[in-house]
Amino acid sequence: MGFIQNSIKESKKMKRCIYCNKSVEDGIIINESHIIPDALTNGKITYANVCSVEHNQVFGDTFEFDIIEKCRRIRNFLNIKSKKGKIPSYYANLDIDGYKFDKLTSRFNNILDGSSYPVIKNEKKYLFKMINKSIDNESKHFYELIHNLQITEDLEFEELFKMLGSQNMLRLVAKIGYEWFCKEYKINGVLPDYTDIINSIVNENSNKSVVSIINNEKLLNDLNNELELGTHALAIYNTSNDRNAYVLFSFFGLILYKIRIRQYPFYIAKPTNSIDFYGFRSDGCIGSCKIYANNFDQHLVSLTSIDEINILKPSIAKIYANLLSIQIITLRSFKPFVKEITNIIKKNQFQSERLYDELIGLAHSTVITVTYVIYLIGKYEDQYNYDDTFQNNIKHLFNNTDKVIIHKNIKEELLLLFNSGEFLNYLLTGLSIFEKSYNKEIRKKND
Ligand SMILES: [Zn+2]
């Protein structure tokens with residue numbers, strides 16, 4: 001354990017860059033580096049031991065920029081905001097009844113609008129099904145015109161596979177693994193045991209063999225079930241087998257990378273039957289889970305080369321299509337609408353007709369959708385489990401009732417519910433459950 005004590009002693013000294021060992025004495029500034037680039041997560045995970053220009057900025061301008069650009073579609077679907085607070089748009093290759101369109105699109109609003117939902121068609125395409133009836137009077141004509149058309153969007157799976165195995169991706173993955181490890185063990189400056197990993201990050205053309213891809217579909221599925229699809233997961237793993245120290249990194253739940261951080265462990269690792277993962281979810285929340293196995297050295301076998309990523313194509317394609325099909329209901333995406341709904345109720349609680357108009361009748365379709373979900377949360381109050389996350393509760397809720405809410409005409413159903421009496425009580429209960437969860441999961445974290 002001497003190493004850990006030494007590194008703690010080190011950290012009390014002057015901060016040094018973990019890539020070049022320079023400190024302010026060498027005329028550089030030490031930055032807080034985003035371990036996972038902030039354009040790839042709504043959460044914040046940083047380590048303040050990277051020099052500002054030569055390493056932090058150069059990484060941001062080169063391999064990080066490349067991967068961030070190539071992830072526009074995922075970022076759009078998962079509602080991951082840029083520094084300026086914007087959801088990125090992306091080019092969608094749409095095929096509408098045989099006509100091809102290249103369209104720059106920002107899809108997030110459309111999901112909550114309920115105007116379309118994706119259905120997996122095959123590995124190459126997925127189908128946008130239009131709902132049968134318009135819930136938005138303004139665009140009624142548009143829906144009437146297109147609701148019978150078949151619209152498909154090319155998902156460009158090949159582009160995705162290429163990106164996941166690219167040199168820039170491996171460099172980014174090595175960087176994320178190394179910085180996470182340094183943060184966990186409070187490493188300050190350059191230490192000799194880390195020469196391989198530092199080289200693979202700093203030098204564009206260096207061998208990237210420190211990063212491999214784990215070939216274990218079940219393990220990845222277990223992680224996605226525990227932490228929510230679309231989550232980045234990180235874990236430290238010391239093998240008893242080859243005595244290396246590794247970081248495991250799941251990128252949006254699509255693929256699991258194994259990064260060799262150093263060749264000699266701090267101590268001889270005992271065989272372990274569980275690994276602790278930290279999950280950085282797309283809504284900015286942090287989760288954790290334990291994954292169990294009898295022998296991890298057997299379960300964490302890597303592909304022999306990155307080119308073998310082909311073997312994983314079917315499973316990655318399936319996860320990717322699922323990722324793009326989920327309804328994005330998160331604490332953060334709901335918060336502004338919950339606020340609006342609360343204000344509408346305060347203003348109109350004794351004027352039933354106006355309350356109906358503002359919440360449902362004349363409301364924006366997003367407000368209608370959020371009202372409906374919050375109502376359901378309140379109605380099934382007894383099923384809500386505060387020990388679990390909001391996201392998991394939502395998942396359970398829609399398994400128990402109606403799985404995908406945007407399949408139906410919410411507005412018509414809400415009119416019936418509104419007139420049936422208990423509506424407002426359930427809605428108020430739902431709002432208070434939402435606020436409690438928000439305070440627990442997000443406000444607490446930001447304090
Ligand atoms: Zn540096």
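A Cβ distance below 9 Å, combined with a sequence gap of six or more or placement on separate chains, defines the contacts here; from the range 228-250, residues that are on the phi > 0 side of the Ramachandran plot reach residues that are crowded, with 23+ Cβ neighbours inside 10 Å and part of a strand (DSSP E or B) in the pairs Glu228/Gly279.
Checking each residue in the range 228-252 for being in a strand (DSSP E or B) and either charged (D, E, K, R) or modelled with pLDDT under 95 (or both) picks out Ile236, Tyr237, Asn238, Ala245, Tyr246. Could you run through the range 26-53 and say how many residues are within 12 Å of the ligand (Cβ to nearest atom), in contact (Cβ under 8 Å) with a residue 12 or more places away in the chain and either exposed (fewer than 15 other Cβ atoms within 10 Å of the Cβ) or not β-branched (Val, Ile, Thr) (or both)? Residues flagged as within 12 Å of the ligand (Cβ to nearest atom), in contact (Cβ under 8 Å) with a residue 12 or more places away in the chain and either exposed (fewer than 15 other Cβ atoms within 10 Å of the Cβ) or not β-branched (Val, Ile, Thr) (or both) within the range 26-53 amount to 7.
With respect to Phe63, determine if the residue is within 16 Å of the ligand (Cβ to nearest atom) and under 21 Å from Glu156 (Cβ atoms). Yes.
If you go through the range 234-244 and keep only what is buried (at least 21 other Cβ atoms within 10 Å of the Cβ) and in contact with a helix residue (DSSP H, G or I) (Cβ under 8 Å, 6 or more places away or on another chain), you end up with just Leu234. Here Ser282, Ser288, Ser274 are screened, and the one residue that is touching a Gly at 6+ places or on another chain (Cβ under 8 Å), surrounded by fewer than 16 Cβ atoms within 10 Å (Cβ to Cβ) and either of a type in the set (A, V, I, L, M) or closer than 26 Å to Thr41 by Cβ (or both) is Ser288. On the stretch given as the range 184-227, residues that are part of a loop (DSSP other than H, G, I, E, B) and not hydrophobic (A, V, I, L, M, F, W, C) total 13.
Taking the range 151-210 as the range and being farther than 26 Å from Tyr91 by Cα, at pLDDT below 90 and crowded, with 18+ Cβ neighbours inside 10 Å as the test, only Lys208 passes.
The values are calculated or read from the model by the stated rules, or taken from the named source; none is laboratory data. Remember, predicted model here, so these are calculated numbers, not experimental data. Note that we place each Cβ from the backbone using ideal geometry, even for glycine, and neighbour counts take in every protein chain shown.
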